[in-house]
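This report concerns only the one structure given below.
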Amino acid sequence: MSSLRRLYDDLRSICVAVVYPPGEDRDVLLDQLKRIGCRLKVIWPFPAEPPTGCDVIFFQVSQELQGSASWSASAVEATLVALSDYESPTTLKLLLDTSAHGVITRPFRSSGVLSTLVLARSSRGYQERLQSKVNKLEDTIRSRRLIEKAVRLLTETQNLSESKAYEHMRSRATALRVTVAEVAAMVVEAHEAMEKLGFGRTPGA
């Protein structure tokens, strides 16, 4: 029960934008979102850019999306729920291009709004956690390559062994209160600066 209560408390605190033309379908959607307790922002005609300051955006899958990179889950800081009028090949292509976290097709029914909203927000949360892990992994790989390059430069220019070169950078990192990767960047940048000035070039560097 506590997790269910937290779920409803979360939904009552969010701002939801609805980008859809006036009519019965939009009224069904708005009524259900009001019952859930969401703060609403109704937008029409279709804007050139996604609305800002919203946690969730329900938007019509229309030709206005064609060629627009801004209407994509990777570019919008909100959960995207697509509202599809029909399932033609063109509509499906536009839908795929947005990478929406959820989709509702006409005719809209109040019974499907809550489950779609919950699953879409859960999907976005999972994607954000996954992307965070990917970013950390990429940073680790970049740092490792930078350190390897700095070690190689120190072995070539300072007559140090690889282990001594790494230990030197680690000790300097500790003294300067920075990471080993930051020290490695200093080494590489200093070497590149010297090369630009015509100094410090070593065979095979």
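Here are the numbers for the structure shown:
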item	result
Condition met for Val18 (in contact (Cβ under 8 Å) with a residue 12 or more places away in the chain, touching a helix residue (DSSP H, G or I) at 6+ places or on another chain (Cβ under 9 Å), part of a strand (DSSP E or B) and closer than 20 Å to Ala75 by Cβ)	yes
Test for Arg5: is it basic (Lys, Arg), in contact (Cβ under 8 Å) with a residue 40 or more places away in the chain and open to solvent by 10 Å² or more (accessible area, probe 1.4 Å)	no
Members of region 80-103 found to be more than 22 Å from Pro22 (Cα to Cα) and among the β-branched types (Val, Ile, Thr), listed by number	Thr90, Thr98
Residue within region 160-177 that is of a type in the set (Ser, Thr, Tyr) and in contact with a strand residue (DSSP E or B) (Cβ under 7 Å, 6 or more places away or on another chain) present	no
Residue check, Asn135 under 29 Å from the mean Cα position of the chain (by Cα) and surrounded by fewer than 17 Cβ atoms within 10 Å (Cβ to Cβ)	yes
Complete set of residues in region 22-44 that are open to solvent by 80 Å² or more (accessible area, probe 1.4 Å), more than 20 Å from Arg12 (Cβ to Cβ) and not in a helix (DSSP H, G or I)	Pro22, Trp44
Filter result (within 18 Å of Arg106 (Cβ to Cβ) and within 18 Å of the chain's Cα centre (by Cα)) within region 58-81	Leu80, Val81
Subset of region 57-74 (residues that are under 20 Å from Ile14 (Cβ atoms) and either touching a helix residue (DSSP H, G or I) at 6+ places or on another chain (Cβ under 7 Å) or open to solvent by 30 Å² or more (accessible area, probe 1.4 Å) (or both))	Phe58, Trp71, Ala73
Any chance Thr140 is within 30 Å of the chain's Cα centre (by Cα) and more than 30 Å from Leu7 (Cα to Cα)	yes
Residue satisfying condition, being open to solvent by less than 30 Å² (accessible area, probe 1.4 Å) and closer than 22 Å to Phe199 by Cα, within set Leu146, Leu160, Leu153	Leu153
Selection count, region 81-91, where residues are open to solvent by 30 Å² or more (accessible area, probe 1.4 Å) and assigned to a helix (DSSP H, G or I)	2
Residue list for region 94-119, restricted to those being within 17 Å of Ser74 (Cβ to Cβ) and not hydrophobic (A, V, I, L, M, F, W, C)	Asp97, Thr98, Ser99, His101, Gly102
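Listed here are the residues, each with its yes/no results for (1) more than 30 Å from Glu77 (Cβ to Cβ); (2) touching a helix residue (DSSP H, G or I) at 6+ places or on another chain (Cβ under 6 Å); (3) modelled with pLDDT of 95 or more.
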{"site": "Ile141", "(1), (2), (3)": "no, no, yes"}
{"site": "Arg145", "(1), (2), (3)": "yes, no, yes"}
{"site": "Val151", "(1), (2), (3)": "yes, yes, yes"}
{"site": "Ala175", "(1), (2), (3)": "yes, no, yes"}
{"site": "His191", "(1), (2), (3)": "yes, yes, no"}
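The values are calculated or read from the model by the stated rules, or taken from the named source; none is laboratory data. Being a predicted model, the structure only gives us computed values, none of them experimental. A quick note on method: Cβ atoms are made from the backbone with ideal geometry, for glycine too, and the neighbour counts reach across all protein chains shown. We work out accessible area using only protein heavy atoms, side chains counted, and drop any ligands, DNA or RNA first. Shrake-Rupley method; radii C 1.70, N 1.55, O 1.52, S 1.80 Å.
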